[in-house]
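Presented below is the structure to which this report refers.
The values are calculated or read from the model by the stated rules, or taken from the named source; none is laboratory data. All values derive from a computational prediction rather than experimental measurement. Cβ sites come from the backbone with ideal geometry, for glycine too, and all protein chains shown count toward neighbours. For the accessible areas, the whole protein counts, side chains as well, though only heavy atoms, and no ligand, DNA or RNA atoms are used. Shrake-Rupley method; radii C 1.70, N 1.55, O 1.52, S 1.80 Å.
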Amino acid sequence: MPRYLPLLFLTVLFPSFLFAQRSQVIRGTITDKESHIALIGVTVAVTDVLPHIATATDENGRFILANVPVGKHTIQVTYLGYQPLTLQNILVTSGKEVILPLEMETSSRQMEEVVVKQKREHINEMALVSAKTFDVQETERYAGSRADPARMASNFAGVQGADDSRNDIIIRGNSPQGLLWRLEDVDIPNPNHFAIPGTTGGPVSMLNNKTLGNSDFFTGAFPAEYGNSTAGVFDLKMRNGNNSRYEFTGQLGFLGTELAAEGPISRKSGASFLVTYRYSTLKLFEGLNIHIGTNSVPNYQDAAFKLNFPLNKKANLSFFGIGGLSKIDLVVSKYTQPSEEIYGESDRDQYFYSNTGLAGASFSYIINSTTYTKITVAQTANEIGAHHDKVFRDANFKVDSLKPILDYVFGTYSTVAHWYLNKKISPRQTLKLGLVNNYYYSNLVDSSRQYPPTRPDWQRRLDYKGGTDLLQAYVQYKYRPTDALTITGGLHAQYLTHNQSKSIEPRIALRWKAGVNDAISFGYGLHSQLQPLYQYYAHLPQYSQAMMHNYNVDFTRSHHAVAGYEHAFSNVLRVRTEAYYQYLFNVPVELKPNSSYSGLDLGSSFGRYFPDTLQNTGTGYNYGLELTLEKVFSKGYYVLFTGSVFDSKAKGNDGVYRNTDYNSHFAVNALGGYEKKLGKYSTLLTGAKVTYAGGRLYSPPDVAASNATGDLVIVESQRNTLKFPDYFRADLKLGVRINAKKFTHEIAIDLVNILGTKNLLSLTYSPDLAAQGVYPFIKEYQLGFLPLFYYRVDFGTGKKHS
């Protein structure tokens, strides 16, 4: 490249960076949190610039703050009779307007202004304990999060994130299978690429943070509106597109090449659209004949949209959807000699795909000044399939033959609906009740002759077409006798039609502000969850498909009890701690004698498990202590420290309490970041993260049984008695943000595992070693050093508000 080209590029580009004032618009709406009525005359001000930039909401609750300088700002919102809001670190860039849909909560002391110093930690008004707001900016600010909501959640206290290969959310020692995913108020299937049936995580998220608004994440004793979960809830919301101006984003990164667009459908009515699309960058490189070090390239793409139509001051209609396609071929038969590039099981060619999608509509209506209702209906589809060919080789490593040994196609399609009514009885009392219905239709086929490899006949384990319905109802009530004390209570009920499993679950919580800077909270809940659908319909290979041996397995159930304390040292520094105890019962365990199997150990692997006959006689428990120390972003930096110590045990049919697969005993995260202006309109972005957690547990292998079967077989009586070394990983992020006149550019690199620490992942059976007559197990290591880059540009068209 000629030497003068970089100089020419800078000469052309930098005048747009250096001249003209860079500013942007902050717009939004403000409504009553409990009635959704637009609030008129609310004062909104940017308080960290002089003179302050201020305005008031109009008759529709809308506000516009024009000519706000680029950078991070503090916004204060005040209204007589309501608790004021203070929004910190609102990022303003030149490329896109900032849109803030805000809700204000009435004060129980009418006609007084109340100063609230605690930062609101959740969106759901009924959530008082073990709740955390998922901030979209945090997925990009935190090093190692990879713009993935699930990986970002692993920074929260009580959430383990010591698996580089998957983004499973392991909460307080629970199986990630116990997590409920929600989007736009309805339950959704696993929103990850390369998803395995019965799991809630995966290697790459389908969720695009550019479409998400701030959302709620619960780790225990959650409110009554949430059911079918024993561990936690990730309640995601999609944001509306800009209804005044067309805006666009383009991004090229290691994890995907993305495009996003949003803008008005009708400026008069306020209707808007938002759409995104992403394609696997690695697959794109392969198509350009750029070698990336492996021939097993993951191929995935995803898209999301939301269309929003305000019908009048009282009604709103929206349509939304997300979808993702993923596939990967791990073909080992093409190798002429052993290769380190062979991922997965080295004795077979594997062809895998996973497709997931959902589309829905939501309608809300304000009945009167104290009551509103909302209904959301969606259709989801999830299809996962795999084909394996066993590779037989001669003594010279030449392929002798291929033998099909596994075929399965799992299709699950659900029609989901959620209706609720919210009534603001008085400034002190709110009532919410609702109905949730999930109808699941399954088309499941599975055949195997994997073990032993010489088996000639196919074993049919699944051949089912049919449906079941999970009906749920709830009622919850909030009472605030004073601004210092809030009490919530409720009941959740659910019923599974195909085997008549049912439950009624009480929930209660309270939060008391013991002083201006202190708060104490307590919560209790009974929770239950159905089993992975494919396990209900499986049959033992020696019997017909009509003899489904686990068809009548009941819900797994759990008691949650949580107590917490918070203290604010200042407006930017606070500490929070929670202690919890969870008792799980009605847990599926195998009927066969001396089995140590527990359903609490499933949910975080790339394989499916077909248990023997189950019965609901297992139990388990989790208890622990969590600590969060946070200095929010101010004066150019932030610090976050989270830590937890815990114990997680489960009892199988042998009557012995053992460590669960997730009992690593402790997890610690230390994060920090610093931002510094490089001139007037450019900012240096830095972030660092260190994770230290207990090593993964594993079981001693039974060598003779494993060789006879052709796969790992453990010593049942010694399940989870061995431990890998503790997990350690350090991540570093470096980047720069440049605010040009009409564009915002951001270039960054995320250096994951910058020290190249070799963390152990699992013990794997190797048929190749077994054929050589040596010890047939190898230790698989986690991710090495991985640099992840991205470049993003944001820009808009159309006249800004002035």
Taking region 354-435, the equivalent ellipsoid from its C-alpha gyration tensor has semi-axes in Å, biggest first, of 57, 12, 8
Which lysines, if any, have their Cα less than 27 Å from the Cα of Lys502, not counting same-chain residues under 8 positions apart? Lys374, Lys432, Lys465, Lys478, Lys592, Lys649, Lys651
What is the sum of charges around Asn124, taking Lys and Arg as +1, Asp and Glu as -1, for the other residues whose C-beta is under 9 Å from the C-beta of Asn124? -4
Hits among aspartates and glutamates - C-alpha to C-alpha of Lys313 under 18 Å, sequence gap 8 or more where chains match: Asp32, Glu34, Asp58, Glu59, Glu103
Accessible area, 1.4 Å probe, largest first: how do Lys237, Lys758, Lys676 sort? Lys758, Lys676, Lys237
Can you grab the distance from the C-alpha centre of region 586-634 to the C-alpha centre of region 193-226, Å, no decimals? 18 Å
Per-residue counts of other Cβ atoms within 10 Å, averaged by peptide: what ranking do you get for 480-486, 737-743, highest first? 737-743, 480-486
State the Cα centre-to-centre distance between region 708-743 and region 435-480 in whole Å. 28 Å
Given R₀ = 51 Å, FRET efficiency for Ala395-Ala361 by Cβ-Cβ distance, to 0.05? 0.25
Based on the Cβ-Cβ distance of Ala704 and Val639, what FRET efficiency does E = 1/(1 + (r/R0)^6) give at R0 = 45 Å, to the nearest 0.05? 0.30
Surrounding charge for Thr430, neighbours by C-beta under 14 angstrom, Lys/Arg +1, Asp/Glu -1, total +1
Once label points are set 7 Å from the Cα along Cα→Cβ at both Lys799 and Gln542, what is their separation, rounded to one decimal in nm? 8.2 nm
Using the heavy atoms of the protein chains alone and a 1.4 angstrom probe, what is the accessible area of the chain per residue in square angstrom? 41 Å²
Under 5 Å between amide hydrogens, which residues at least 5 positions from Leu712 or on another chain qualify, with H placed 1.01 Å from N in the peptide plane? Tyr765
Could you give me the ³J(HN,Hα) list for region 33-40, computed from phi with Karplus coefficients 6.51, -1.76, 1.60 and θ = phi - 60°, whole Hz, x at Gly and Pro? 4, 9, 10, 6, 6, 5, 9, 9
Could you name the lysines whose alpha carbon sits less than 27 Å from that of Lys680, not counting residues in the same chain fewer than 8 places away? Lys72, Lys96, Lys210, Lys631, Lys635, Lys733, Lys741, Lys742, Lys799, Lys800
Using per-residue counts of other Cβ atoms within 10 Å, averaged over each peptide, order 410-416, 391-397, 139-145, 58-64 from highest down. 139-145, 410-416, 58-64, 391-397
HN-Hα J in Hz across region 746-755 - Karplus 6.51, -1.76, 1.60, θ = phi - 60°, x for Gly and Pro: 9, 10, 8, 9, 9, 8, 7, 6, 4, 8
With every protein chain kept in place and a 1.4 Å probe, the residues Arg239, Arg182, Arg278, Arg428 fall, from largest accessible area down, as Arg428, Arg239, Arg278, Arg182
Can you sort Trp458, Trp181 by 1.4 Å-probe accessible area, starting with the largest? Trp458, Trp181
For region 19-81 and region 482-505, write down the distance between their C-alpha centroids in whole Å. 38 Å
Over the Cα atoms of the chain, each weighted equally, I'd like the Debye log10 I(q)/I(0) at q = 0.09, 0.10 Å⁻¹, rounded to two decimals. -0.90, -1.12
12 Å beta-carbon shell around Lys327, net charge (K/R +1, D/E -1): -1
